[in-house]
Amino acid sequence: MRKSTTILLGAALSVGGLMVNPAYAAASAVTPERVCGSGFARVAHSKQAVKTSSQRVLGYVYLLYNRRTGYNCVTTIKTSNVGTRTFVMATITTQTRGANSRASGENEGRSVKHYLGPVKTYGKGRCVSYMGRIRDDGRNAAEGKSRWKSWGSCG
């Protein structure tokens, strides 16, 4: 009886140890769709890795679109140092069409624990470009960025 009690107590403590760290539980619940809100869906092939120069992935940047409203949404979600405040940025630029084509966009960056966003801009009938950055302030401090996605996803 004593041996089974010890095993059950050890199992209970293990489960409790997993529950004590809410940062990882909260991070696993974060999806681009939840960040951007109702009606937003991922644009095909829009998930980009945010990598350091040594190709270490610190997170991902996502582009989503809402067909009903015509808005685009970008969010950058960390996979490294989750639960620790580090600088994260998400940028989206919209290109207008015509002879006087110009670009305008939204850019947001700040210190966050899990993700940055939503960063939204109107894009119906317009092409967009987007990117994300994450700074890893840990022992091997580095900054990761996704590549600028060329003009596309023309809503």
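The values are calculated or read from the model by the stated rules, or taken from the named source; none is laboratory data. Keep in mind that what you see is a predicted model, and the values were worked out from it rather than measured. Don't worry about glycine lacking a Cβ; one is built from the backbone with ideal geometry, like all the others, and counts go over all protein chains shown. With ligands, DNA and RNA removed, areas are computed over all heavy atoms of the protein, side chains included. Shrake-Rupley method; radii C 1.70, N 1.55, O 1.52, S 1.80 Å.
Numbers at a glance
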quantity	calculated
Matching entry among Lys78, Lys51, Lys120 (being modelled with pLDDT of 90 or more and open to solvent by less than 30 Å² (accessible area, probe 1.4 Å))	Lys78
Filter result (within 12 Å of the chain's Cα centre (by Cα) and polar (S, T, N, Q)) within the stretch 29-68	Thr31, Ser46, Gln48
Test: residue in the stretch 88-95 that is open to solvent by 30 Å² or more (accessible area, probe 1.4 Å), modelled with pLDDT of 90 or more, part of a strand (DSSP E or B) and not aliphatic (A, V, I, L, M)	no
Considering residues of the stretch 130-148 that are farther than 22 Å from Gly39 by Cβ and either of a type in the set (Ser, Thr, Tyr) or not in a strand (DSSP E or B) (or both) only, the residue most open to solvent (accessible area, probe 1.4 Å)	Arg139
Every residue from the stretch 38-60 that is outside any loop (DSSP other than H, G, I, E, B) and either in contact (Cβ under 8 Å) with a residue 60 or more places away in the chain or acidic (Asp, Glu) (or both)	Gln48, Ala49, Val50, Lys51, Val57, Leu58, Gly59, Tyr60
